[in-house]
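Okay, so here's the structure we're looking at.
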Amino acid sequence: MQIDEYVEMYKLQNNPNRKELMKFRKFMLFVEKLSKKHSFDLDKVDWISRFDGRLSLGENKNQIELWLQEHGFIEKIPTKEEIEAMEREAREREEEYYQQLEMEALEKLKEIDYKIDKYYERMIDFINMAIDGYANCVILKSPFGWGKTFQVLKTLQKRGLKKDKDYAEIKTFSSPLELFNLLYKYKDMKVIVVDDVYGLLTNEAILSILMSATWSVSGERFVEYNSTTKKKEIDKFPIKANLIICLNYTGINKLLQGLISRSILYDMEKELDYYTKLKILYEIAKKKPNDLPKDIRIEIVDYIKDNTNEASEFSIRTYEHICNIYKYSVKSSRDWKELAYGLLGTDSDLELVKELMRSGLPVKEQVKEFIERTGKSRATFFRYKQVIQTGRNKIKSLTMRPNETEKKQNCDEKTDMRQQKLEKSLKVS
């Protein structure tokens, strides 16, 4: 039957007014559209009995759509609540999947051989840039206890530089004037290492001195300190030495931003995810002997692994401290694990983000709850989430099947070959 025939039949059976008849016609046009979209026979349903003239057109449309879904004429459209439930279930399944991968990855960590220097390659490149004069100032930033200063001094010595002749190390100073005088003392050396001195990041005068030492318009850098004190040896002096500044600080304030703009900043924190930290510790335990047997050293890293997660704070120094606790426990008959547990701190904000990601809540709700519970920003939530996602990418690489690993290695080899060809062509030209 055609739409006009249905309308005429409704008119004969119900004697409606003009407004109701127009409403039924629009209802039938809607039904016809559904029949074409979902490919069902229009004449198989008594549409007149399914239409209620007392309801609005919208209410009739909703009712007929539900009825058609219930009777299999059209595919059921999930409600908002059902969609949210399905999304929540999918997120929960994803979290379970990653938890399983995490367990597999952690078990594989101690079985694989790594080279510790691999994790410091970029840092070493930036140290060499300062040594070779490609950077007036390099800032190395990483969490406390992950070997920045050790790598700097090791690289300087490996390059044949001698302390107090070719390079100097500034570990302490009590005032801007003292820093100014130390820079003057070491101005003609090749490199000056400034090692995370307290107050360096918050004292405007100190940062001004360092900025003057790292920037030049004419090609020559001059260190200046505007002060009326008589303790200054000189008001202004040229400096040849390049600076390497080691920072444990986790944030960047406005004062420091000016120094960074004149320097090369390398932030190792971006590469030191949870799994990389554990890899480094396992490698140290296997290849860096101390007074403890190798199996005990590995057991100590196992203990750190079993009692930490992405939100935990630990370092090479944590491992070294626990080694010393173990030595003490042998003599004192104390439980080393009980003594060591307090050294494994947790970043509560990161732990909260991980908890929210596992909750199955929509991301918008996760952000809202994070802000309410911590008082911190939306950007901070996503920064922590990125840390967790980076860790998950590491998990995937650790649990990758052998053929997938082989493909990746082949791809890396091809990339290396292309890079070598490019370097040869540049040398020829």
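Read the figures in this text as sums done on the coordinates, not as results from a lab. What you see is a predicted model, and the numbers here were worked out from it, not measured in a lab. A quick note on method: Cβ atoms are made from the backbone with ideal geometry, for glycine too, and the neighbour counts reach across all protein chains shown.
Here is how the numbers come out for the structure above:
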| item | result |
| --- | --- |
| Shape category assigned to the range 221-364 from the gyration tensor of Cα positions, a/c cut at 1.5 | oblate |
| Packing-based order for 276-286, 257-267, using average beta carbon neighbours within 10 Å, highest first | 276-286, 257-267 |
| Pairs from Lys118/Lys162; Lys171/Lys240; Lys148/Lys277; Lys163/Lys187; Lys11/Lys37; Lys305/Lys376 whose Cα-Cα separation, in the structure shown, is over 23 Å | Lys118/Lys162; Lys11/Lys37; Lys305/Lys376 |
| Model label zone, Glu320; criterion: amide N under 15 Å from point 7 Å along Cα-to-beta-carbon; scope the range 279-295 | 281, 284-285, 288-292 |
| Using θ = phi - 60° and Karplus 6.51 cos²θ - 1.76 cosθ + 1.60, couplings along the range 154-168 (whole Hz; Gly, Pro as x) | 4, 5, 4, 5, 5, 7, x, 7, 10, 5, 6, 10, 9, 9, 10 |
| Between the range 151-190 and the range 321-390, the Cα center-to-center distance that results, in Å | 37 |
| Residues Trp215, Trp336, sorted so that the one with the fewest Cβ neighbours within 10 Å comes first | Trp215, Trp336 |
| Full-extension gain in nm, Glu369 to Asp125, via 0.36 nm per residue minus C-alpha separation | 83.7 nm |
| For Ile170, residues with placed amide H under 5 Å, excluding near neighbours | Val193, Val194, Asp195 |
| Asp347 versus Lys163: modelled label distance in nm, points set 7 Å from Cα along the beta carbon direction | 3.2 |
| Calculated FRET efficiency for the pair Arg25/Lys61, C-beta based, R₀ 22 Å, to 0.05 | 0.95 |
| DSSP beta bridges in the range 116-270 [antiparallel fraction, %, rounded to 5] | 15 |
| Over the range 3-70, volume per residue of the alpha carbon convex hull, in Å³ | 82 |
| Neighbour-count ranking [beta-carbon atoms within 10 angstrom, fewest first] of Leu361, Leu29 | Leu29, Leu361 |
| Order of Tyr134, Tyr6 under a 10 Å beta carbon neighbour criterion, fewest first | Tyr134, Tyr6 |
| Pairs beyond 27 Å (Cα-Cα), from Lys141/Lys288; Lys154/Lys331; Lys141/Lys236 | Lys154/Lys331; Lys141/Lys236 |
